[in-house]
Amino acid sequence: MRTVIEGAAVATVDAAGTEYTDGHVVVNGGLIESVGPGPAPDYLPADRRVDGRGCLATPGFVNTHHHLYQWATRGLAQQSDLFDWLVRLYPVWAGIDEDTTAAAATAGLVRLARTGCTTAADHHYVFPRDAGDLLGATVHAAGEVGIRLHAVRGSMDRGTSTGGLPPDSLVEDTAAALDGTGEAISRWHDPSPGSFVRVAVGPCSPFSVSADLMTGAAELARAAGVRMHTHLAETLEEEKQCLSEFGCTPVQYAERLGWTGPDVWLAHGVHLSDGAIRTLGESRTGVAHCPTSNARLGAGIARVADMLAAGVPVGLGADGAASNEDGGLGGELRQAMYLARLRDGAASFDARRALWLATMGGAACLGRQRELGSLEPGKLADIALWRMTGVEHAGIADPVAALVFGSLPPLALLLTGGNAVIEDDESCLVTEADVARDLNAASVKLARKAGMLR
């Protein structure tokens, strides 16, 4: 099926930063066939022609860090920093099951799609006993909503009795965690070009995972040829703990355990020294920057401009909806730009760099920069078409500035692999009222389990 979008402003986010004030994008067989100025050639047959006048076409956004199950626990621990927030929420998350995860993942993925996201990395590390097929529920939800999923099979094996943060009842045995991770790779990982589901290995963090699990997971990932993901350097408390317990900083600890390299991307990277940034840049270790979550928890402002200057691949992450109740990715472009300017000055970060983080930067973190992240012939047809005709954007001549500086525009169309996921700002594949009803029911059930409701 060939789809032609024409009459739109086009931001390709290619290496040259090519943009057209009036251009076209042609999609054929799930791939981008051509991109250029003006209308598509008249002789080109099309199954569908989309009038893009008043719209901006960009690559679909790539979310590099999320916890979809948390959509069922939003609005809790509102004044907490990270460690207190975790301690308060672990007992609630102990009640999640397959149905709750399915409802939360579906709602979270719909929200991501509604904000321009076509690929999402979800880090699921909580596996209560007898909770059902939690990872399978998330994979199924992504198929229902229609966007690509990088399912990060997380794990924790270090409970409070061994100096960790989570309760012992919520951690796995080290061998069981590795077995579960290997099973997830065998069951779900699809390495083929254009795949909609890939699996990564994701021990949670230094304060909830043993060194044995970190090293074992790295060995498993590299033997299977999959990517690796973990939380690192999110708070000053984490750095103090690493220095006290391991005699090194979080990045030094990760490097010691084999957790740096071009197949690794880390969540947050807020508190990094010059040396740590240099290590990540030289090893091409990626970082998922989550500005709203970091602000919500008071963790700090990541040194994004410095990381980019050092060659660190940096993408954007919404993070779990319990520390970013908005749950979307589109708003993170403005948050990233504003926080970078707050840290380094108004000239340090512009709208196009923010768009790059959400597209090519994210694709590089997930190892898919040859398939995703820009509008170029041969790449996957993951495209966001933003309607810029509302009063919110009237008078802003630069459409990319309107997208990033202004309020997030409605989507005229969102395609993954050339297939419509969102059209006229509504989901094409699921009924949003049903998704909201199921999520409300799941949240109430979980709150009752945790003793927060009678």
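Restricting attention to the stretch 135-168, which residues are of a type in the set (Asp, Glu) and surrounded by fewer than 21 Cβ atoms within 10 Å (Cβ to Cβ)?
Glu144, Asp168
So, in the stretch 206-226, exactly how many residues are in a loop (DSSP other than H, G, I, E, B) and open to solvent by 50 Å² or more (accessible area, probe 1.4 Å)?
1
Suppose we filter the stretch 27-56 for residues that are under 31 Å from the mean Cα position of the chain (by Cα) and either more than 22 Å from Leu403 (Cβ to Cβ) or among the polar types (S, T, N, Q) (or both); how many remain?
8
Are any residues in the stretch 77-88 crowded, with 16+ Cβ neighbours inside 10 Å and assigned to a loop (DSSP other than H, G, I, E, B), and if so, which ones?
Ala77, Ser80
Only one of these is among the hydrophobic types (A, V, I, L, M, F, W, C) and more than 24 Å from Val304 (Cβ to Cβ): Leu372, Leu385. Name it.
Answer to the selection: Leu385.
What strands (runs of 3 or more DSSP E) lie completely within the stretch 240-359 and have 2 or more residues being open to solvent by less than 10 Å² (accessible area, probe 1.4 Å) and closer than 21 Å to Trp85 by Cβ?
The strands (runs of 3 or more DSSP E) meeting that bar are 264-268, 286-289.
Considering only the stretch 34-76, state which residues are part of a loop (DSSP other than H, G, I, E, B), open to solvent by less than 20 Å² (accessible area, probe 1.4 Å) and of a type in the set (A, V, I, L, M).
Once the filter is applied, which keeps residues that are part of a loop (DSSP other than H, G, I, E, B), open to solvent by less than 20 Å² (accessible area, probe 1.4 Å) and of a type in the set (A, V, I, L, M), the stretch 34-76 yields only Ala40.
State yes or no: is Thr230 surrounded by 24 or more Cβ atoms within 10 Å (Cβ to Cβ), without any contact (Cβ under 8 Å) to a residue 40 or more places away in the chain and not in a loop (DSSP other than H, G, I, E, B)?
So Thr230 fits the description; yes.
I'm trying to understand the selection: among the residues of the stretch 360-370, which are open to solvent by 10 Å² or more (accessible area, probe 1.4 Å) and out of contact with any Gly (no Cβ under 7 Å at 6 or more places or on another chain)?
Gly367, Gln369, Arg370
Would you point out the residue of the stretch 1-17, among those that are surrounded by 16 or more Cβ atoms within 10 Å (Cβ to Cβ) and within 25 Å of the chain's Cα centre (by Cα), that is farthest from Gly390 (Cα to Cα)?
Per the stated criteria, the residue is Asp14.
How do the pairs read when you match residues in the stretch 83-96 that are in contact (Cβ under 8 Å) with a residue 12 or more places away in the chain with residues anywhere that are acidic (Asp, Glu), using Cβ under 9 Å and keeping only pairs 6 or more apart or on different chains?
Phe83/Glu237; Phe83/Glu238
Select, from Thr359, Thr416, the only residue that is under 22 Å from Ala141 (Cβ atoms) and touching a strand residue (DSSP E or B) at 6+ places or on another chain (Cβ under 6 Å).
Thr416
Scan the stretch 195-202 and give yes if some residue there is under 30 Å from Glu423 (Cα atoms), buried (at least 24 other Cβ atoms within 10 Å of the Cβ), modelled with pLDDT of 95 or more and under 16 Å from the mean Cα position of the chain (by Cα), otherwise no.
The answer is yes; a qualifying residue exists.
Here is a list: Thr138, Thr118. Which entry is more than 15 Å from Arg227 (Cα to Cα), in a helix (DSSP H, G or I), at pLDDT 95 or above and not aliphatic (A, V, I, L, M)?
Thr138
Of all residues in the stretch 377-421, how many are open to solvent by less than 20 Å² (accessible area, probe 1.4 Å) and touching a helix residue (DSSP H, G or I) at 6+ places or on another chain (Cβ under 8 Å)?
So the count comes out to 10.
Among the residues of the stretch 18-33, which ones are surrounded by 15 or more Cβ atoms within 10 Å (Cβ to Cβ) and not charged (D, E, K, R)?
Result: Thr18, Tyr20, Gly23, His24, Val25, Val26, Val27, Asn28, Gly30, Leu31, Ile32.
Among the residues of the stretch 18-38, what is the count of those that are over 22 Å from Met388 (Cα atoms) and small (Gly, Ala, Ser)?
Count: 3.
Suppose we filter Gly132, Gly108 for residues that are touching an Asp or Glu at 6+ places or on another chain (Cβ under 9 Å) and surrounded by 24 or more Cβ atoms within 10 Å (Cβ to Cβ); which single one remains?
When all the criteria are applied, what remains is Gly108.
Taking only pairs six or more apart or across chains, which ones have beta-carbon atoms under 7 Å, a first residue in the stretch 434-454 that is outside any helix (DSSP H, G or I), and a second residue that is open to solvent by 60 Å² or more (accessible area, probe 1.4 Å) and not β-branched (Val, Ile, Thr)?
Ala450/Pro91
Do we have any residue at all in the stretch 181-193 that's surrounded by 21 or more Cβ atoms within 10 Å (Cβ to Cβ), of a type outside the set (A, V, I, L, M) and in contact with a Phe, Trp or Tyr (Cβ under 8 Å, 6 or more places away or on another chain)?
Scanning the stretch 181-193, I find no residue that is surrounded by 21 or more Cβ atoms within 10 Å (Cβ to Cβ), of a type outside the set (A, V, I, L, M) and in contact with a Phe, Trp or Tyr (Cβ under 8 Å, 6 or more places away or on another chain), so the answer is no.
Go through the stretch 365-403 and give me each residue that's part of a loop (DSSP other than H, G, I, E, B), more than 23 Å from His66 (Cα to Cα) and not hydrophobic (A, V, I, L, M, F, W, C).
Correct list: Glu376, Pro377, Gly378, Lys379, Thr389, Gly390, Glu392, His393, Gly395, Asp398.
One line per residue, one yes/no per condition, for (1) over 24 Å from Leu86 (Cβ atoms); (2) touching a strand residue (DSSP E or B) at 6+ places or on another chain (Cβ under 9 Å); (3) not in a helix (DSSP H, G or I):
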position	(1), (2), (3)
Glu172	no, yes, yes
Thr181	no, yes, no
Ile185	yes, yes, no
Val199	yes, yes, yes
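The values are calculated or read from the model by the stated rules, or taken from the named source; none is laboratory data. Because the structure is predicted, anything quoted here is derived from the model rather than measured. With ideal geometry, Cβ positions are generated from the backbone for all residues, glycine too; neighbour counts draw on all protein chains shown. Just so you know, the surface numbers come from the protein's heavy atoms only, side chains and all, with ligands and any DNA or RNA stripped out. Shrake-Rupley method; radii C 1.70, N 1.55, O 1.52, S 1.80 Å.
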